[in-house]
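We did not get these values from a lab; they are worked out from the coordinates using the rules stated. Here the structure is a predicted model, which is why all the values come from computation and not from measurement. When we count neighbours, we look across all protein chains shown, and the Cβ atoms used for this are built from the backbone with ideal geometry, even at glycine.
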Amino acid sequence: MALPKIQEARELDNQGLEQAIADTRRKMFDLRFQQATRQLQTGLHQFKHERHRLAQLMTVLRERQLATAQSTADSDAPPAATASATDSATEEE
């Protein structure tokens, strides 16, 4: 089984992304529980796949949070001063 692709995570909407994160965390819990009770004999690579998937999902979520914050900050920011006004102010000092 190949590692999951991040493009699949980027195609999810925000609610689907949150659900996928919760599902992945639950799968990791179940794998750890199976390993602790010695029910998991093979398939230890599943830990790697689930950790990788969780990292991808959380990365996409953080990218979206930063993009939202950036767009909010851009719309709330006052217009920047022109270079000539800034240059004249520094010359006076």
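Taking N as the number of residues in segment 6-72, what is its alpha-carbon radius of gyration divided by 2.2 N^0.38 Å? Can you show the working numbers first?
Details: Rg = 14.6 Å, N = 67, 2.2 N^0.38 = 10.9 Å.
For segment 6-72, the normalised Cα radius of gyration is 1.34.
FRET efficiency for residue 14 and residue 74, Cβ-Cβ distance as r, R0 = 25 Å, nearest 0.05? Mind showing how you got there, number by number?
On the way: r = 20 Å, r/R0 = 0.80.
The formula returns an efficiency of 0.80 here.
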(request) Return the long-range amide H neighbours of residue 40 (sequence gap of 5 or more, or a different chain), with a cut-off of under 5 Å between placed amide H atoms. (result) 35
(request) Give me the distance in nm between label points sitting 7 Å out from Cα along the Cα-to-Cβ direction at residue 5 and residue 27, one decimal. (result) 1.7 nm
